[in-house]
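The values are calculated or read from the model by the stated rules, or taken from the named source; none is laboratory data. Predicted, not measured: the structure shown is a model, and the values here were computed from it. Here the Cβ is made from the backbone with ideal geometry for all residues, glycine too, and neighbour counts use every protein chain on show. Each accessible area value is taken on the protein alone, full model and side chains, heavy atoms only, with ligands, DNA and RNA left out. Shrake-Rupley method; radii C 1.70, N 1.55, O 1.52, S 1.80 Å.
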Amino acid sequence: MPEKLFRDPLYDYIAIDKNSWLLGLINCPEVQRLRYVSQLGLSQFTYPGATHSRFSHSLGALHLMQQCLEYLEKDHKDYFRNGDKEALLAAILLHDIGHGPFSHASESVRGEHEDRGVQIIASPQSDVNQKLCSVDGGLPSKVATLLAKEPPKGAAPPPPWQKSLISSQLDMDRLDYLRRDSLCSGAEYGSFDWFRIIHTMQLKERAIPDRQPQTLLVWPDKSKFALEEYIFSRFYMYQSVYFHHTTRGFEGLLQRILERARDLARAKKSFARRLLAPVKTFCESTASTHLEEFRNLTDSVVLAQVTIWQSEEDKVLSDLSRRLLARRGLAWQEIEQKTAFEVVDKVSSVRDYLHGQELDPKYYFFEDNAKAIAYKPYRPASEVEDQSSVNSIILHDPSWEGTRFKEISDIPDLQRLKTITTDKPSPVMRYYFPKEHETQIRRLLS
Amino acid sequence: MKDYWLAKLISSVQEVDSRKRLQKSVYLLQAAGCPLQCDYLLHYYGPYSFELAGLIDQLHAADIIDETPDQLAAGVVRFRSATTEKGARALNAFEQTERGQQTQAQIAPFIDRFKKLNQEDAWVLELAATVAFYHDDDWQVARAQTATFKKINEDDLNLSKAVGLAKAFLSTR
């Protein structure tokens, strides 16, 4: 069968059947757009090599899903219904098509990428929808259900084990991006035995108290060290890359630039008229997803717009834009083990101070905390969360007593895991402010 | 001030025996107009808020509350929450300020109701939150949808209690 080969720094080659519908899906403009959306947003401000795209990541995740399904089908063919494989492959390829420019930096301004991705897939006007329909009329709905946070009304939820492969504590998305982000950033923490993880996974039935039995994605005891290595990689990548203070600061700055632009666009028609067309749609928060304009909204368009804004007559927008492009002007202070209400007086005093300096704290002072991070370290699910492989990494061994299932933190040989999967989350709050006022603001926050 | 309101609710009782109880109780209070408003969606056990889960994490991380794990059957872990001494001091210090007093006044009307929910049967509470989630003008429809979702009979006695409980909260909006 003739294959289309994509050269890839992680997997050497990614092969797609040249005649398959998957290749047609890859060639859809909504997927091709991901070539121009960076995987790690402004992490390149910290790690200059981290300029890889969401396109290469989506292909990589697809490659892993192909391997995973091929492996699972050998021993678990009965778990696959008609169309399941196609839906899983399409879902993992399309899981990021709703990402705005600079990935997570734009989400606070324009909403979450999963919702937008599901809208695009469900829209008959989109190329991906039409391509999926050409395979099977029900395929867009099936793919959307796999990707949505909750299934649309009337739609049956997908089997949790399938959801696990797309979005869980250990899914094809994470298996690719951890290693890809590590390679491209140069932060060498993302190395783990992914091949073993994929080629030892199993499907097992587990009885749940007061519930129907569940089919879980599990691993045998012999894979525990590979899984432990994965969890540690995730932890180190979180600490050193995804939650890096410099990156988070400039992402916060970009958010404020976009918020300022949106506020100005709403207040002044003359400002809105001067915007590049895709940015104009982005700033109009009452608009529904304009597929055509969203397709044109990429990192380079936003950068071009921010470059233009450097000479904007609005002083706040021009100042913030210059700070971003010159990579300057932000200081930060970390506050540990405090809640917002404990520091409310300190925060108020900083806001008052900035007002006195004629700087609007809405744009020049912001908080960043661990809860706002998309990529989080692994923690086992609590009782209120779904006790499935979506929220926990679960192992199974027939020699174990009782249910024969164990969440990975409970494996006796993996005690060092508890140091990073403790019940207590990392208590970090950071405040960012203009560097030229660092001394005064640090005093107010201390 | 969501973290304050949540901390204040937890501090009003000796202990909340599970995160599930906290999730469902806050949902019902929210339905009754409580200022602590979080985004909920229908999850495996009924209405669930990732936002509220994040707030609980924050309070735990800041030593405002303590969470004690209990190992249940089938490897499930349940977390009991209680206010710490540090938490009690922090709440008190905040409530000495003008802003703290204003914020406290907003949650005060819901403290007694939270205490009562804390005594409620856990299963009835779970059902009540689900009924409230499904309710959209028609209680019978909400009852039927909850029965289907929870895989119980429509005439289940606990479900009847749950409908009554949900009505008590939704009617006071």
Estimated Rh, the range A:265-336: Kirkwood, alpha-carbon pairs, angstrom: 13.7 Å
Distance-filtered residues of the range A:241-278 - backbone nitrogen under 16 Å, label point 7 angstrom along A:GLN357 Cα→Cβ: A:253
Cross-link table A:LYS85/B:LYS24; A:LYS18/A:LYS280; B:LYS86/B:LYS161; A:LYS362/B:LYS167; A:LYS4/A:LYS163, entries beyond 30 Å C-alpha to C-alpha: A:LYS85/B:LYS24; A:LYS18/A:LYS280; B:LYS86/B:LYS161; A:LYS362/B:LYS167
Simple spin-label estimate for A:THR307 and B:GLU51 in nanometres, 7 Å along Cα-Cβ: 3.9 nm
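When the solvent-accessible surface of protein heavy atoms is calculated with a 1.4 angstrom probe, in what order do A:LEU217, A:LEU325 fall, highest first?
Per-residue accessible area, sorted high to low, gives A:LEU325, A:LEU217.
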Between 0 and 90°, nearest 10: helix A:84-94 axis offset from chain A longest Cα axis: 20 degrees
Neighbouring partner chain Cβ atoms per residue of B:53-60, average, 10 Å criterion: 5
Choice from A:PHE250, A:PHE405, A:PHE341 with maximal GNM fluctuation in chain A (Cα, 10 Å cutoff): A:PHE341
Candidate aspartates and glutamates for bridging to B:LYS115, where Cα separation is under 15 Å - those fewer than 8 sequence places away on the same chain excluded: B:GLU15, B:ASP17
Relative contact order %, the range A:238-301, counting alpha carbon pairs below 8 Å whose residues are six or more apart: 24 percent
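Assuming R0 = 45 Å, what is the FRET efficiency of A:SER270 and A:HIS245, from their Cβ-Cβ distance, to the nearest 0.05?
Taking R0 as 45 Å, the efficiency between A:SER270 and A:HIS245 is 0.75.
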Accessible area per residue in Å² at 1.4 Å probe, computed on chain A: 42 Å²
On Cα atoms only, tilt of B:50-61 relative to the major axis of chain B in degrees: 30 degrees
Dipole magnitude (debye, nearest 20) for the range A:6-117, charges at Cβ of Lys, Arg, Asp, Glu: 340 debye
Contact order normalised by residue count of chain B, Cα under 8 Å, 6+ apart, percent: 28 percent
Nearest-ten-degree value, helix A:172-185 long axis tilted from longest Cα axis of chain A: 50 degrees
Vicinal HN-Hα couplings computed from phi for the range A:163-169 (Karplus, 6.51 cos²θ - 1.76 cosθ + 1.60; Hz; Gly/Pro x): 4, 4, 5, 8, 8, 6, 5
Cα→Cβ-extended label distance, 7 Å offset, between B:GLN140 and A:ASN296, nm: 5.4 nm
DSSP-defined antiparallel bridges as percent of all bridges, chain A, nearest 5: 95 percent
Residue among A:ALA265, A:ALA122, A:ALA326 with the largest mean-square fluctuation in a Gaussian network model of chain A, springs linking Cα atoms under 10 Å: A:ALA326
Accessible area of A:GLU342 in the full protein assembly, 1.4 Å probe (Å², nearest 10): 50 Å²
Estimated FRET transfer efficiency (A:ALA331, B:ALA168; beta-carbon r; R0 60 Å; 0.05): 0.70
Cα centre as origin, Lys/Arg/Asp/Glu Cβ charges: the range B:100-173 dipole, Debye: 240 debye
Dipole magnitude of chain A, debye to nearest 20 (Cβ charges: Lys/Arg +1, Asp/Glu -1, about Cα centre): 1000 debye
Per-residue SASA entry for B:LYS116, accessible area with 1.4 Å probe, Å² rounded to 10: 150 Å²
Surface share of carbon and sulfur [accessible, 1.4 angstrom probe, percent] for chain A: 48 percent
Highest-MSF residue in chain A out of A:ALA331, A:ALA155, A:ALA61 [GNM, Cα springs under 10 Å]: A:ALA155
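Is the shape of the protein assembly as shown best called rounded, prolate or oblate, per the rule: a/c under 1.5 gives rounded, else a/b larger than b/c gives prolate, else oblate, with a ≥ b ≥ c the square roots of the Cα gyration tensor eigenvalues?
Verdict is rounded for the protein assembly as shown.
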Gain in span if fully extended, A:ALA277 to A:LYS222, counting 0.36 nm per residue against the direct Cα distance: 14.3 nm
Protein-only accessible surface order, largest first, of A:ASP17, A:ASP352, A:ASP299 at 1.4 Å: A:ASP352, A:ASP17, A:ASP299
Accessible-area order (highest first, 1.4 angstrom probe) of the listed residues A:GLU292, A:GLU150: A:GLU292, A:GLU150
FRET E, pair B:LYS116, A:ALA155, Förster distance 35 Å, beta-carbon r, rounded to 0.05: 0.45
Separation between Cα centres of the range A:228-269 and the range B:111-164, rounded to whole Å: 40 Å
Where labels lie 7 Å past Cα in the beta-carbon direction, separation of A:GLN440 and A:ASP397 in nm: 6.2 nm
Nearest-10 value in Å² for the accessible area of A:HIS290, using the 1.4 Å probe: 80 Å²
